[in-house]
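Student: Below you will find the structure I want to go over with you.
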Amino acid sequence: MKHRRLAALVIAALASTSAHAIDAKYRKQLERSGCTQVSEAQGCDITKTRAENAKAGFGSAAADAHGGINSTYAQQLERSGCTQLTENQGCDIHKTKAQNAKAGFGGGAAGTTGQTPYAGQWVAIGPTGGTVATIRIDPQEHVWVNGKRVNAKRSDGALVFRQGFVTYTIQGDRRLKGEDTWRDSDAGSTGPIYAE
């Protein structure tokens, strides 16, 4: 199912965009504002002037002072305990270090790299609302299901592991909601997995 959605998105993107350039009007807005496509996604306003965006911490002068990233974004990374890498893995720059550490990011210390988004305590819920399994994943991605160690592997951005007929899938991108699931191939039942 996920592969079908990904294929559909790729086809739609290829059909709707030019492979050679961005729209001329959009390019002019980027040039005038001092934004890039990346900094726009981080809050740079393409409807404002280069000077206005520089005051807000966007643009080359602001980026040079912070090792290539704007000051607002650098402050968000510092406050949240995220890094650019862990943000792409689901660390939320709008949360505190403690909240992100509880979700398995940063270990509570800013600048920690290599932290897995899967680490923590998880619970698999059955169709009737009961607990199917309790799952523990350590920072090295060792997995225990109901206290028993199981082998796990990364597959298409997710951590996948099995115990008996049940396959568990936990997404690495914590922004994806409702995609942490389990499936029992024998009974044909499925259900969600939630972080505790």
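The values are calculated or read from the model by the stated rules, or taken from the named source; none is laboratory data. In this text the structure is predicted, and so the values were computed from the model without any measurement. Note that we place each Cβ from the backbone using ideal geometry, even for glycine, and neighbour counts take in every protein chain shown.
Student: What's the number of the condition residue 167 fails, among (1) polar (S, T, N, Q); (2) surrounded by fewer than 15 Cβ atoms within 10 Å (Cβ to Cβ); (3) at negative phi?
Tutor: All conditions pass for residue 167, except number (2).
Student: Looking at (1) charged (D, E, K, R); (2) at pLDDT below 75; (3) surrounded by 13 or more Cβ atoms within 10 Å (Cβ to Cβ), can you tell me which one residue 64 breaks?
Tutor: (3)
Student: Could I ask something else about it? Consider only pairs whose beta carbons are under 7 Å apart and that are at least six residues apart or on different chains; among these, list those whose first residue lies in the range 140-157 and is surrounded by 13 or more Cβ atoms within 10 Å (Cβ to Cβ) and whose second residue is assigned to a loop (DSSP other than H, G, I, E, B).
Tutor: Partner pairs satisfying both residue conditions: 141/116; 141/118; 152/141; 157/172; 157/173.
Student: Exactly one condition in (1) at positive phi; (2) surrounded by 14 or more Cβ atoms within 10 Å (Cβ to Cβ) is false for residue 123; which is it?
Tutor: All conditions pass for residue 123, except number (1).
Student: Here's something else I'd like to know. In the range 128-139, which residue that is closer than 22 Å to residue 102 by Cα and in contact (Cβ under 8 Å) with a residue 24 or more places away in the chain is surrounded by the fewest Cβ atoms within 10 Å (Cβ to Cβ)?
Tutor: 139
Student: Still on this structure, please answer the following. Given (1) over 30 Å from residue 179 (Cα atoms); (2) modelled with pLDDT under 70; (3) part of a helix (DSSP H, G or I), identify the lone condition not met by residue 6.
Tutor: It is condition (1) that residue 6 fails.
Student: Please verify whether the range 98-118 includes one or more residues that are in contact with a strand residue (DSSP E or B) (Cβ under 6 Å, 6 or more places away or on another chain) and in a strand (DSSP E or B).
Tutor: no
A quick yes/no check of all residues on (1) modelled with pLDDT under 85; (2) hydrophobic (A, V, I, L, M, F, W, C):
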position	(1), (2)
114	yes, no
137	no, yes
149	no, no
160	no, yes
164	no, no
167	no, no
181	no, no
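Student: So the check is Cβ under 6 Å with 6+ separation or different chains; which pairs have a first residue in the range 170-182 that's under 18 Å from residue 138 (Cβ atoms) and a second one that's buried (at least 21 other Cβ atoms within 10 Å of the Cβ) and of a type in the set (Phe, Trp, Tyr)?
Tutor: 170/118
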